[in-house]
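K.L.:
Sending over a structure as structure tokens; questions will come in a sec.
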Amino acid sequence: MLKNIVFGLLFFPGSLLLAASPLYNVPDAPEEYTEKKNKYTSQKDIEIGKKYYEKECADCHGESGEGDNDDKSVVAFNNSDWMKTRSDGQLFYIAAEGAGDDSDMEGYGPWSEMGYSDKRVWRIIAYIRTLIP
């Protein structure tokens, strides 16, 4: 058995990372969101997004996007395996609408209590993309 584990780690080292990666329970975006593209990706947009991220997101998601080791339901934005599977539109949907009824992540979109404009949410998404290793 140990021989099989060692073989697997030597020839499939990414498998350990995938097995150790937390699973996040976040809603899938409706199709109209998944195709949306972020048009606020300039360096200035990213810098502004960083300020909003630090103010509203870092407490839960971590300053470097590392998530919360105590609460595996909090998305780690520096988890490249997970982030590669999410479109900008998916991330926008979660940020604007919230992560669902079973989550503490409330929406920040224009219709929410926070009342962030779409542009502000997109800028946060632009910054979040910079946290991927």
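K.L.:
What's the total number of residues in the stretch 37-74 that are more than 19 Å from Arg120 (Cβ to Cβ) and hydrophobic (A, V, I, L, M, F, W, C)? So that I can check it myself, show each step before the final result.
P.N.:
Taking the stretch 37-74 and keeping what is more than 19 Å from Arg120 (Cβ to Cβ), we get 62-64, 66-74.
Then keep just the ones that are hydrophobic (A, V, I, L, M, F, W, C); that gives 74.
Counting residues in the stretch 37-74 that are more than 19 Å from Arg120 (Cβ to Cβ) and hydrophobic (A, V, I, L, M, F, W, C) gives 1.
K.L.:
Could you count how many residues in the stretch 84-133 are hydroxyl-bearing (Ser, Thr, Tyr) and more than 13 Å from the chain's Cα centre (by Cα)?
P.N.:
Just the residues of the stretch 84-133 that are hydroxyl-bearing (Ser, Thr, Tyr), to begin with: 85, 87, 93, 103, 108, 112, 116-117, 127, 130.
Subset that is more than 13 Å from the chain's Cα centre (by Cα): 103, 108, 112, 116-117.
Qualifying residue count for the region: 5.
Here's the yes/no breakdown for (1) modelled with pLDDT of 90 or more; (2) of a type in the set (A, V, I, L, M, F, W, C); (3) buried (at least 16 other Cβ atoms within 10 Å of the Cβ):
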site: Lys55; (1), (2), (3): yes, no, no
site: Cys60; (1), (2), (3): no, yes, no
site: Phe77; (1), (2), (3): yes, yes, yes
site: Gly89; (1), (2), (3): yes, no, yes
site: Ile94; (1), (2), (3): no, yes, yes
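K.L.:
Could you tell me whether the stretch 39-48 includes any residue that is under 19 Å from Ala96 (Cα atoms) and basic (Lys, Arg)? Step through it out loud before you land on a result.
P.N.:
In the first step, residues of the stretch 39-48 are kept if they are under 19 Å from Ala96 (Cα atoms); the result is 39-41, 45-46, 48.
From what's left, basic (Lys, Arg): 39.
The answer is yes, given that some residue of the stretch 39-48 is under 19 Å from Ala96 (Cα atoms) and basic (Lys, Arg).
K.L.:
I'd like the full set of residues that are out of contact with any Gly (no Cβ under 7 Å at 6 or more places or on another chain), in contact (Cβ under 8 Å) with a residue 12 or more places away in the chain, not in a helix (DSSP H, G or I) and not hydrophobic (A, V, I, L, M, F, W, C), limited to the stretch 43-78.
P.N.:
Gly62, Ser64, Gly65, Glu66, Gly67, Lys72, Ser73
K.L.:
Does any residue of the stretch 27-35 turn out to be over 20 Å from Thr85 (Cα atoms), over 17 Å from the mean Cα position of the chain (by Cα) and modelled with pLDDT of 80 or more?
P.N.:
no
K.L.:
Please go through the stretch 79-105 and pick out each residue that is of a type in the set (Gly, Ala, Ser) and part of a helix (DSSP H, G or I).
P.N.:
Step one: list which residues in the stretch 79-105 are of a type in the set (Gly, Ala, Ser), which gives 80, 87, 89, 95-96, 98-100, 103.
Of everything in the stretch 79-105, those that are of a type in the set (Gly, Ala, Ser) and part of a helix (DSSP H, G or I) turn out to be Ser80, Gly89, Ala95, Ala96.
K.L.:
Suppose the filter is assigned to a loop (DSSP other than H, G, I, E, B), modelled with pLDDT of 90 or more and buried (at least 18 other Cβ atoms within 10 Å of the Cβ); does Tyr108 pass it? Write out each step before concluding.
P.N.:
Numbers: assigned to a loop (DSSP other than H, G, I, E, B): yes; modelled with pLDDT of 90 or more: no; buried (at least 18 other Cβ atoms within 10 Å of the Cβ): yes.
Considered against the rule, which asks whether it is assigned to a loop (DSSP other than H, G, I, E, B), modelled with pLDDT of 90 or more and buried (at least 18 other Cβ atoms within 10 Å of the Cβ), Tyr108 comes out as no.
K.L.:
Touching a strand residue (DSSP E or B) at 6+ places or on another chain (Cβ under 9 Å), among the hydroxyl-bearing types (Ser, Thr, Tyr) and in a loop (DSSP other than H, G, I, E, B): is that true of Tyr40 in this structure? It would help to see each step written out before you state the result.
P.N.:
Working: touching a strand residue (DSSP E or B) at 6+ places or on another chain (Cβ under 9 Å): no; among the hydroxyl-bearing types (Ser, Thr, Tyr): yes; in a loop (DSSP other than H, G, I, E, B): yes.
Answer is no for this residue.
The values are calculated or read from the model by the stated rules, or taken from the named source; none is laboratory data. Note that the coordinates shown come from a computational prediction; the quantities given were computed from them, not determined experimentally. Ideal geometry is used to build each Cβ from the backbone, glycine not excepted, and the neighbour counts take in all protein chains shown.
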